[in-house]
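Participant: Please see the structure below; I have some questions.
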Amino acid sequence: MSNNWELLQKKFEVAHARTGISAKEWCETQGLNYNSARRYIKVRKTAHDETAQRTAQNARKHSAQIRSAQYAQKADQKKVTRKNGHKQNDTPLQPQKNANEHDMGLGERDESGRFRPGHKISVGNAGNPNPSNSAEPGNARARKHGIYAKYFKEEELEKFDAAAIADLQDELELCRVRLQSGAEALAQCMSDIKNASSVKDRVSLYEAYARIDSGMASLTSRIESITRTLSGLRIDTVKVPHIVADTKRVENAARKLGLEADKISNEGKGDDTPVSQILDDIRAMGSDGLMSKQQ
C-alpha cells in the first residue's frame, strides 16, 4: 500500500506545531510503521529555529565586541597615564572564562541557542525593537486556521489543515467522483422506478430522479468551469514571459524616442516654426526690424 508521504509530512508538521508530538508517537496514532515512515516523517528545522540560532550568535558576537572595546579603552588610559609620568602597578586585565560565559549567556542556553527555563539574563530586557524579520501591520501568517475557525468546533479544525494544501485539481477530481456517484444513483433510481409496485412510489422515485439529474447537470457545469480556469492559468503561465518582454520593448522604445528628442533639441533643430523663420528674415534685412530707414 503506497502512502502520500508529502501529505503525511504536512499533517505531522501541523500536529507537531500544535501539540509538540514526536514523529514516533504520531505514526503510532496514525497506524503507520515508524521504521518504514521515519525516513519520510521527521521534524523539519523551521525558519523560527534558524532565526533564534542567528540571534544567539549575534548576541555572542556583540558581547565580544563590547569586551574588546573595553580592553582597548583601558589600554589607552594606561598609555596616557605613563605619558604624564605616573606609574601604574596595575596588572593587565585578563578575561575570565566564567565571566565571559556569563556575559554571553552560554551557560543559560541550550544547543539551539535559546535560553533555558528559569534563566535571569534577559529578564527586563525588551529585546530588539527593530527585528530583521518583523511582521508588517495586518500580517496574519501566524494565525491558526484563518478567520472562519471561530465558527467551527475544536474537533473540526483539522479540516482547515487539509483545505490549506488543496488546489483546483483536487476540486476537479472531487466533482468528477461525485458525478460518477450521481450516475450510479440515477441508474439505481431508474431500476427502482421500473420495479415500483404503486403509483405513489413511482412519483416519489421520479422526483428523486429529477433531483439527481439536476445535481448532475450542476456538477457538469462546475467541471467545465474548473477546467476552463485551469486552462486559463496554464495560458497565463505561458503568457507572462511574453507580457514581460513586450513591456520591456515598449519601455525601450519610449526611452529611445526620448533620447532622440533630447539630441534634436541639443543640436538646435527643435525650433523650426514659421515664426522663427520670420525672425531670421527680419534680422537679415539689416534695419533692426524697422519698416524704413531713418534719414
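Participant: Return the Rg/Rh value of the stretch 1-45, two decimal places, where both radii are evaluated on C-alpha atoms and Rh is the Kirkwood radius.
Facilitator: 0.92
Participant: Any idea what % of Cα-Cα pairs in the stretch 166-245 are farther than 21 Å?
Facilitator: I get 49 percent for the Cα pairs in the stretch 166-245 exceeding 21 Å.
Participant: Test of understanding: what is the full-extension gain from LYS150 to HIS242, defined as 0.36 nm times their sequence separation minus their Cα-Cα distance?
Facilitator: Contour length minus the Cα-Cα distance gives 28.7 nm.
Participant: Sticking with this one: Considering the options TRP5, CYS27, VAL43, tell which one lies farthest towards the positive end of the dipole of the stretch 1-45, charges being +1 on Lys and Arg and -1 on Asp and Glu at the Cβ, about the Cα centre.
Facilitator: Looking along the dipole axis, the top candidate is VAL43.
Participant: Evaluate E = 1/(1 + (r/R0)^6) for SER218 and ARG18, where r is the Cβ-Cβ distance and R0 equals 25 Å; express this FRET efficiency to the nearest 0.05.
Facilitator: 0.10
Participant: Could you pull out every residue, at least 5 positions away or on a different chain, whose amide H is within less than 5 Å of the one on ARG109? Hs are placed 1.01 Å off N in the peptide plane, and Pro or chain starts have none.
Facilitator: Correct list: ARG116.
Participant: Round to the nearest 0.05 the FRET efficiency obtained for ASN4 and SER191 when R0 = 30 Å and r is the Cβ-Cβ distance.
Facilitator: It comes to 0.25.
Each reported figure results from applying straightforward, stated rules to the coordinates on display, with no laboratory input. Quick caveat: nothing in here was measured; it's all calculated off a predicted structure. Glycine gets a Cβ as well: all are built from the backbone with ideal geometry, and neighbour counts include every protein chain shown.
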